[in-house]
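A quick write-up on the structure given underneath.
The values are calculated or read from the model by the stated rules, or taken from the named source; none is laboratory data. Given the structure is predicted, the values throughout are model-derived calculations rather than measurements. Here Cβ is always computed from backbone atoms with ideal geometry, including for glycine, and neighbour counts include all displayed protein chains.
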Amino acid sequence: MGIDSGDGPPDRPTKQDVRRWREMLASEREAAALYEGLASAETGERAEILRELASVEVRHAAHWEDKLVQAGEKVPSPRPPGIRTRMLAGAARRLSLDAVLPVIERAERGDAGLYDADPHAAPGMAEDERGHAATLAALRSPAPPTAGGEGMEVLVRISGRERWHRGDRSGALRAAIFGVSDGLVSNTALVMGFAGSGAGQGAVLLAGVAGLLAGAFSMAAGEYVSMSGQREMFEREISLEASEIEERPEEELEELVLLYRAKGLAPEQARTMAEQIMSDKAVALDTLTREELGLDPDSLGSPWAAAFSSLVAFAVGALVVVIPYLFGGGTPAFLAAVSLSLVAMAVIGSGIGILNGRSPWRSAARQIVAGTLAAAITFGVGHLLGTQIV
């Protein structure tokens, strides 16, 4: 993928433009040095892939050099690699490349949109930056199965047996887990605060119901807005990928080849697979969305599902401490509310532990301690204030 420096925007560059070009030049040179340093710690195909990434960064640096020259500015001389680059390259040599790849991959993902809205960036630079993180992730991944072969059948069998590896992309399960926990803890604390003040059954019940309704609808609204924004962001990424397939199919082909080479396929096999995929634009978009963006286009998340599950879950958790006050008040209702809340905290905590593959006992204890502490503080404050609600 070549870099077309172009003439840039017609306006004369400002001092801020020139300063940013120098910063980008230094950043690209540093990235090239990092990839070269990592390549020196490897051999074979992985070393070659890292050197190709370094060459991309060199081309990016050349673009910023050209911009400075066109503006009549002096091009800074290259500097020795920074301490971070030397440390990462040294760690790769002394330990292994795999030891430092996660750190570099996170940094690349953070810079993935660096050139998306930059009017001075050359065509293809934004796509290059987004592809680097995917390539680094692929260097740590096993080789993909060959299309139509036994490897694909194995993958299908594994995915059928091991459904627990699939993430909850809809957000509904995540919203439900946190919703029921938040509802239980927050409303228990609220009710205990009113109970500690000496308020009567009616006041405590009113506070509990108000807390349930306010919290449930607040959680639902927040989850809907959050999931809507996340989905729109994912859809934009997929739309950009579709545009790139239409406008620059050769560049996307090379990205896919590099990804499969990073996964361990031989160059010829990687190119054959990539060409087969790119021959169908729908398949190409689906594959690049999964491989490069790390998204499942069929499961981008449902804002309505997340909002509804959050509302119901919060309400269920918040209802626990309210139930005793529906039938009475005073000490019996208070003790019943405390007992029900502790049991519910233990159940929720152990459930979270099981879902996360952790000890249910430890998760239950953590949930009980956190919830009890919150309730005890509000009870104490209510008791000290002695608030009377008419």
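In segment 307-318 there is at least one residue matching the filter, namely being in contact (Cβ under 8 Å) with a residue 40 or more places away in the chain, buried (at least 20 other Cβ atoms within 10 Å of the Cβ) and over 28 Å from the mean Cα position of the chain (by Cα). Out of Val204, Val191, Val209, one residue alone is out of contact with any strand residue (DSSP E or B) (no Cβ under 7 Å at 6 or more places or on another chain), closer than 25 Å to Val369 by Cα, surrounded by fewer than 23 Cβ atoms within 10 Å (Cβ to Cβ) and among the β-branched types (Val, Ile, Thr). It is Val209. Filtered by the rule that a residue be of a type in the set (Ser, Thr, Tyr) and at pLDDT 85 or above, segment 202-242 gives Ser218, Tyr224, Ser228. In segment 266-320, how many are part of a loop (DSSP other than H, G, I, E, B) and either closer than 20 Å to Gly222 by Cα or of a type in the set (Ser, Thr, Tyr) (or both)? Total satisfying the criteria: 5. Of the residues screened, Leu25 is not one that is touching a Phe, Trp or Tyr at 6+ places or on another chain (Cβ under 6 Å), modelled with pLDDT under 90 and not β-branched (Val, Ile, Thr). Quick one: which residue in Val338, Val343 is modelled with pLDDT of 90 or more, hydrophobic (A, V, I, L, M, F, W, C) and either touching a helix residue (DSSP H, G or I) at 6+ places or on another chain (Cβ under 7 Å) or buried (at least 17 other Cβ atoms within 10 Å of the Cβ) (or both)? Only one candidate passes the filter, namely Val338.
Tyr115 meets all of the listed conditions (1) modelled with pLDDT of 90 or more; (2) among the hydroxyl-bearing types (Ser, Thr, Tyr); (3) crowded, with 20+ Cβ neighbours inside 10 Å but one, namely (1). Among the numbered conditions (1) within 24 Å of the chain's Cα centre (by Cα); (2) touching a residue at least 60 places away in the same chain (Cβ under 8 Å), tell me where Ala199 comes up short. Among (1) within 24 Å of the chain's Cα centre (by Cα); (2) touching a residue at least 60 places away in the same chain (Cβ under 8 Å), the lone unmet condition for Ala199 is (1). You will find that of Ile177, Ile158, the residue that is in the same structural domain as Ile352 (by TED's automatic domain parsing) and either within 30 Å of Gly264 (Cα to Cα) or at pLDDT below 75 (or both) is Ile177 and no other. Of the residues making up segment 107-122, those that are closer than 17 Å to Thr135 by Cβ and without any contact (Cβ under 8 Å) to a residue 12 or more places away in the chain are Ala107, Gly110.
Against the definition (modelled with pLDDT under 80, at negative phi, assigned by TED's automatic domain parsing to the domain that holds Ala315 and in a helix (DSSP H, G or I)), how does Ile354 come out, yes or no?
Working: modelled with pLDDT under 80: yes; at negative phi: yes; assigned by TED's automatic domain parsing to the domain that holds Ala315: yes; in a helix (DSSP H, G or I): yes.
Yes, satisfied.
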